[in-house]
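K.L.:
Submitted below is the structure of interest, expressed as structure tokens.
The values are calculated or read from the model by the stated rules, or taken from the named source; none is laboratory data. For clarity, every value in this text was computed on a predicted model and none was experimentally measured. Ideal geometry is used to build each Cβ from the backbone, glycine not excepted, and the neighbour counts take in all protein chains shown.
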Amino acid sequence: MTLAVDRRSLLRGRIGRAAGEIRPPFSRDEKTFSGLCDGCGACVEACPEKAIAPGADGRPLLRYRDALCTFCQACGEACPTGAIDSEHGQSWTAKASIGSACLSFNGIVCRACGEHCDDDAIRFKLLAGGRALPLVDETACTGCLKCALVCPTGVIRMRRSPQKEIAA
Ligand code: SF4
Ligand code: SF4
Ligand code: SF4
């Protein structure tokens, strides 16, 4: 089997994900995933939404700011190694997290993320100076990825575990 993962990345210790990088749905836990995935690209080819691209280590990441994953599972069905596996993969626990470059937070009118959230998981806390702080309700957020796609500044990232929002 061809090892498509970039060897320089391996040597530099760039295995796994940087902040805001998430694997496709139904991926195994990161350690198991990294052990199984050889960066063959079958998932990238299989995704009908073109929602997957190779990361720095050659393994797949979701392009959630550029395409909307529909959770169709085609990537898992195409994966020959079991790194993405709808039977054994992790449940989807991704949550949205909004960065401080948010337009609204900086006094420019924008509510795109909140308007596209079907789960009403984003609300805005009004601040002085015409600013508004976007807050994600972690309980309500289903990780659907829509807000990250529509944000005009690309400041919404998805993450796997709870984390503090930006501060007012
Ligand atoms: S679940 Fe479907 S849409 Fe989402 S990344 Fe996999 S193939 Fe693409
Ligand atoms: S990921 Fe989906 S549910 Fe969560 S805040 Fe964004 S749009 Fe709402
Ligand atoms: S869509 Fe982006 S820029 Fe607009 S309010 Fe939401 S996080 Fe801020």
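K.L.:
Which condition from (1) surrounded by fewer than 20 Cβ atoms within 10 Å (Cβ to Cβ); (2) more than 15 Å from ligand 2 (Cβ to nearest atom) is the one that Gly76 breaks?
P.N.:
Every condition holds for Gly76 apart from (1).
K.L.:
Pick out the one residue from Ser104, Ser97 that is buried (at least 19 other Cβ atoms within 10 Å of the Cβ), under 17 Å from the mean Cα position of the chain (by Cα), away from ligand 1 (no atom under 16 Å from the Cβ) and of a type in the set (Ser, Thr, Tyr).
P.N.:
Going through Ser104, Ser97 in turn, the sole match is Ser97.
K.L.:
Please verify whether region 96-114 includes one or more residues that are closer than 30 Å to Glu45 by Cβ and out of contact with any Cys (no Cβ under 9 Å at 6 or more places or on another chain).
P.N.:
Yes, region 96-114 contains a residue that is closer than 30 Å to Glu45 by Cβ and out of contact with any Cys (no Cβ under 9 Å at 6 or more places or on another chain).
K.L.:
Quick check on region 37-60: of everything there that is surrounded by fewer than 21 Cβ atoms within 10 Å (Cβ to Cβ) and under 16 Å from Pro25 (Cβ atoms), which residue is nearest to ligand 2 (Cβ to nearest atom)?
P.N.:
The qualifying residue nearest to ligand 2 (Cβ to nearest atom) is Glu49.
K.L.:
Another one. For region 28-54: of the residues being under 15 Å from the mean Cα position of the chain (by Cα) and among the small types (Gly, Ala, Ser), which is nearest to Thr70 (Cα to Cα)?
P.N.:
Ala51
K.L.:
Please determine whether any residue of region 121-132 is of a type in the set (A, V, I, L, M, F, W, C) and either assigned by TED's automatic domain parsing to the domain that holds Cys47 or under 20 Å from Lys50 (Cα atoms) (or both).
P.N.:
Taking every residue of region 121-132 in turn, none turns out to be of a type in the set (A, V, I, L, M, F, W, C) and either assigned by TED's automatic domain parsing to the domain that holds Cys47 or under 20 Å from Lys50 (Cα atoms) (or both).
K.L.:
When you go through (1) touching a Ser or Thr at 6+ places or on another chain (Cβ under 9 Å); (2) surrounded by 13 or more Cβ atoms within 10 Å (Cβ to Cβ) one by one for Asp118, which number turns out not to apply?
P.N.:
Going through the list (1) touching a Ser or Thr at 6+ places or on another chain (Cβ under 9 Å); (2) surrounded by 13 or more Cβ atoms within 10 Å (Cβ to Cβ), Asp118 breaks only (2).
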